[in-house]
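The values are calculated or read from the model by the stated rules, or taken from the named source; none is laboratory data. Not measured: the values here are computed from a predicted model. Here the Cβ is made from the backbone with ideal geometry for all residues, glycine too, and neighbour counts use every protein chain on show. Each accessible area value is taken on the protein alone, full model and side chains, heavy atoms only, with ligands, DNA and RNA left out. Shrake-Rupley method; radii C 1.70, N 1.55, O 1.52, S 1.80 Å.
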Amino acid sequence: MPAVQETIDQVAAIDVDKYKYGFVTDIETEKAPKGLSEEVIAFISAKKGEPEWMLEWRLKAYERWKTMKEPDWAALEYPPIKYNELYYYAAPKMADNPKSLDEVDPELLRTYEKLGIPLKEQEILAGVRKAGEPSDLDEMGGEGYTSGKVAVDAVFDSVSVVTTFKAELAKAGVIFCPISEAIREHPELVKKYLGSVISPADNVFATLNAAVFTDGSFVYIPPGVRCPMELSTYFRINEQNTGQFERTLIIADKGSYVSYLEGCTAPMRDENQLHAACVELIALDDAEIKYSTVQNWYPGDAEGKGGIYNFVTKRGDCRGDRSKISWTQLETGSAITWKYPSVILRGDDSRGEFYSIAISNGRQQIDSGTKMIHLGKNTSSRIISKGISAGRSSNTYRGLVQASGRAKNARNFTQCDSLLIGDKCAAITIPYVETKTGTAQFEHEATTSKISDDQLFYARSRGIGEEEAVALIVSGFVQDVLQQLPMEFAVEAKALISVSLEGSVG
Amino acid sequence: MLNIKNLHVSVEDGDHSREILKGLSFHLKPGEVHAIMGPNGSGKSTLGNVIAGKDGYEVTEGEILFAGEDVLEMEPEERAAAGLFLAFQYPVEVPGVATMTFLKAAMNSQREARGEEKLTTPQFMKLVKDASEMLGVRSEMLKRPINVGFSGGEKKRNEIMQMALLQPKLAVLDETDSGLDIDALRIVSEGVNALRGPNRSFLVITHYQRLLDYIKPDQVHVLAGGRIVRSGGPELATELEERGYAEFLETA
Ligand SMILES: Nc1ncnc2c1ncn2[C@@H]1O[C@H](COP(=O)(O)OP(=O)(O)OP(=O)(O)O)[C@@H](O)[C@H]1O
Ligand SMILES: [Mg+2]
């Protein structure tokens, strides 16, 4: 029978239950009572030792949230979320604030080990990467890679458990800490910037986040500082039925640079878990922020049961002239993804970039894209989106490019490519373009293709197994985006592409 | 090495099936080179594709034995690991996949399937360097996505380079000579001749006797009307060059 038919049959028999990271860590947790109320919010705020103004901010958002409705424009289908069935706070119990890895619950460290997170690797912890080792990177055009250090801020359920590299970062004047700590230690910065990109009234999920966010990272790079290492957070959802409400705030002051890596993995679950994170980025004059995400949360079983609902609001503000913000993402997990990392190009000559790989398999639904809002003069943006759909999944790119009357000579280039594996999946591209200036130059290219039998046969005739051949062809399809990822992530990303396409063929 | 008996192959052509190979037989022994010549559309590439295991062909009768094993039961990658290689008439472009990456995946997959150690990166680099130098493939080419934007001749050289790296027991070369300039034809032929040995066989599909001046065949087969209609020594190629296929088309 023809290969395409075969592929389809195999996809139909897909067994996503084999989800590699599906295990549960047994750590005692401390929970807030189920459901959402002023009391629960006060409980969270008290747990975090927050000042009064923060609690007020949360309660205001909560009042607002009660009046809001979920958007219905996304190409997503899911049963109504029962907000009162969720727990909004769960923290692993442990000795007060660990000072080193020795003090961290060994069960947690084992969990990370299973995930392959290099947290325990002494070399990485010491900031040294094995130098000069030839690797696959050589073939990926990995030249020019210099940074060998990653600072890891691990977030386990809702509490940041361990923060490494603090000393070296502090020497550079960089603040990298859990946001709850920043609220206590750096209230002036938090007050000034929190909610300044994503208002607490922005959308129902962002508003919910404002009311109940539990943790996340805070980064401040002082003027003129190039952050000496890549900053990294691994998020992980562990406690059953715990909504995850991360809040991340990154500020790059004038002329500074930071690259931030976000990685996520969640264990297997029976009930859908809501995740509604907010990430705000602020780049002042001549500053640059590079934000990279690898997301591989549990996508649900073969029927689509049990996966993560991922409703994320991510937005960057190029507030200063000549500033630059770049989002790079590899989305392979979650049952539902609703996510549009955006850039507001406020400063003159500022630049926004969005590079995305979104892979859907099984019954996954993705509605994702970006918004580039051109407000300043001579602003430019670039969007490269690669969607891969397999199984019975649906994969929608939804993008908005907008230029205000002031945005003279705004430029955008958008390229959206979709690759289909089998014929039970869907790929949809919905670009919106709005311009109020006659001088804007917006370009859009879109392609949709199927993985070709000839390419598959060519690779297989050389001895490459069918699944590896698919992964190879797909990695070629996404190569220009893959190149945007920091090297630490690129290798992981390649592996993840293979894992997420498992079962899409033989 | 390769024993094909009474091979019948059909393809789906619109809503009906069409028989392309109609009882083809020949026997290629270890160390031998056989050439297959025949008019356009006579089924030469079909034969190569069926040997390599491409989907979309239905074998309705007959068998293909490779080193005594029934290859029709094997997946394409298993055939490759067992030592079969097809140099494509039209090598396929794989955008974004660097030639190096592709080669490494191919070599290591075959080694893994045979229970051998994977190559380390330095070992691999050395092998590629040698093979690419022998075939005059520039090192920039190795970094480019495989076959993408390669000229016709470059694609063919790349195929032979892959053959040199994979060291198959049986190589089917489908019109590897077409598209090659005179110098390239010599280089590629030398590459093939360097691999000739008592345990390696070649099936060379070509339209031109010129290739066979470089790669001396033990036997030449004429494929027409879905069958081998005549077999002979190298002189048969010269005869075909002069007289064409007219007489075979009548009898077929
Ligand atoms: N998948 C297919 N579907 C329909 N027809 C096919 C298919 N594959 C091959 N054919 C037909 O089978 C016949 C033989 O094709 P093949 O490519 O094997 O010829 P060939 O001898 O290699 O020709 P050439 O010398 O031009 O390369 C042709 O008529 C071709 O159109
Ligand atoms: Mg042919």
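Taken over the range B:39-69, residues that are on the phi > 0 side of the Ramachandran plot, within 14 Å of ligand 2 (Cβ to nearest atom) and crowded, with 21+ Cβ neighbours inside 10 Å amount to 1.
For the range B:1-16, the candidate set comprises residues that are more than 15 Å from ligand 1 (Cβ to nearest atom) and in a strand (DSSP E or B); within that set, the residue that is nearest to A:Arg462 (Cα to Cα) is B:Leu2. Here B:Glu78 qualifies as away from ligand 1 (no atom under 16 Å from the Cβ) and either without any contact (Cβ under 8 Å) to a residue 12 or more places away in the chain or of a type outside the set (S, T, N, Q) (or both).
When restricted to residues that are away from chain A (no Cβ under 14 Å) and either more than 16 Å from ligand 2 (Cβ to nearest atom) or crowded, with 23+ Cβ neighbours inside 10 Å (or both), the range B:151-172 contains 5. All conditions but one from (1) more than 10 Å from chain A (Cβ to nearest Cβ); (2) within 23 Å of B:Gly152 (Cα to Cα) apply to B:Gly68; the one that does not is (2).
The listed residues are B:Ile4, B:Ile20, and the only one of them that is more than 9 Å from chain A (Cβ to nearest Cβ), away from ligand 2 (no atom under 16 Å from the Cβ) and at pLDDT 95 or above turns out to be B:Ile4. Working only within the range B:23-38, note down all residues that are crowded, with 20+ Cβ neighbours inside 10 Å and either of a type in the set (Phe, Trp, Tyr) or more than 11 Å from ligand 2 (Cβ to nearest atom) (or both). Within the range B:23-38, B:Leu24, B:Leu28, B:Val33, B:His34, B:Ala35, B:Met37 meet the criteria. Here B:Leu236, B:Leu240, B:Leu185 are screened, and the one residue that is more than 14 Å from chain A (Cβ to nearest Cβ), within 16 Å of ligand 1 (Cβ to nearest atom) and part of a helix (DSSP H, G or I) is B:Leu240. Could you please let me know if A:Thr67 is of a type in the set (S, T, N, Q) and either touching a strand residue (DSSP E or B) at 6+ places or on another chain (Cβ under 9 Å) or modelled with pLDDT of 75 or more (or both)? So A:Thr67 fits the description; yes. Of the strands (runs of 3 or more DSSP E) lying entirely inside the range A:201-306, the ones with 2 or more residues being at pLDDT below 75 and out of contact with any helix residue (DSSP H, G or I) (no Cβ under 8 Å at 6 or more places or on another chain) are found at A:230-236. Here is the figure for the range B:77-126: residues that are open to solvent by less than 70 Å² (accessible area, probe 1.4 Å), part of a helix (DSSP H, G or I), more than 7 Å from chain A (Cβ to nearest Cβ) and aliphatic (A, V, I, L, M) total 3.
Here's the yes/no breakdown for (1) under 25 Å from B:Ile64 (Cα atoms); (2) at pLDDT 90 or above:
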site	(1), (2)
B:Leu195	yes, yes
B:Pro198	yes, yes
B:Phe202	yes, yes
B:Ile205	yes, yes
B:Gln209	no, no
B:Pro217	yes, yes
B:Ser231	yes, yes
B:Glu235	no, yes
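Among the numbered conditions (1) more than 16 Å from the chain's Cα centre (by Cα); (2) open to solvent by 20 Å² or more (accessible area, probe 1.4 Å); (3) more than 10 Å from chain A (Cβ to nearest Cβ), the only one that B:Pro145 does not meet is (3).
Cβ separations smaller than 6 Å between residues 6+ apart or across chains give the following pairs from the range B:43-63 residues that are within 13 Å of chain A (Cβ to nearest Cβ) to residues that are open to solvent by less than 50 Å² (accessible area, probe 1.4 Å) and within 13 Å of ligand 2 (Cβ to nearest atom): B:Ser45/B:Gln89; B:Ser45/B:Asp174; B:Gly48/B:Leu86; B:Gly48/B:Val172; B:Gly48/B:Asp174; B:Ile51/B:Val172; B:Ala52/B:Leu86; B:Tyr57/B:Val50. The criterion of at least 1 residues that are of a type in the set (Ser, Thr, Tyr) is met, among helices (runs of 4 or more DSSP H) falling completely within the range A:418-483, by A:453-460, A:466-477.
When residues in the range B:17-52 are screened for being away from ligand 1 (no atom under 11 Å from the Cβ) and either closer than 24 Å to B:Glu239 by Cα or in a strand (DSSP E or B) (or both), 11 of them pass. Take the conditions open to solvent by 30 Å² or more (accessible area, probe 1.4 Å), over 19 Å from the mean Cα position of the chain (by Cα) and not aliphatic (A, V, I, L, M) and apply them to A:Lys371. Does it pass? No, not satisfied. Is it fair to say B:Glu175 is within 16 Å of ligand 1 (Cβ to nearest atom), within 14 Å of chain A (Cβ to nearest Cβ), of a type outside the set (A, V, I, L, M, F, W, C) and touching a residue at least 24 places away in the same chain (Cβ under 8 Å)? Against the criterion (within 16 Å of ligand 1 (Cβ to nearest atom), within 14 Å of chain A (Cβ to nearest Cβ), of a type outside the set (A, V, I, L, M, F, W, C) and touching a residue at least 24 places away in the same chain (Cβ under 8 Å)), B:Glu175 does not qualify.
Conditions tested, residue by residue: (1) among the β-branched types (Val, Ile, Thr); (2) surrounded by fewer than 23 Cβ atoms within 10 Å (Cβ to Cβ).
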| position | (1), (2) |
| --- | --- |
| A:Ser393 | no, no |
| A:Gly399 | no, no |
| A:Ala403 | no, no |
| A:Arg411 | no, yes |
| A:Thr414 | yes, no |
| A:Gly422 | no, no |
| A:Tyr432 | no, yes |
| A:Lys436 | no, yes |
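Before we move on, is A:Glu492 open to solvent by 60 Å² or more (accessible area, probe 1.4 Å), closer than 26 Å to A:Glu230 by Cβ, away from chain B (no Cβ under 11 Å) and in contact with a strand residue (DSSP E or B) (Cβ under 9 Å, 6 or more places away or on another chain)? Yes; evaluated as a whole, the condition is true for this residue.
Checked against (1) open to solvent by less than 30 Å² (accessible area, probe 1.4 Å); (2) at pLDDT below 50, A:Pro2 passes all but a single condition, namely (1).
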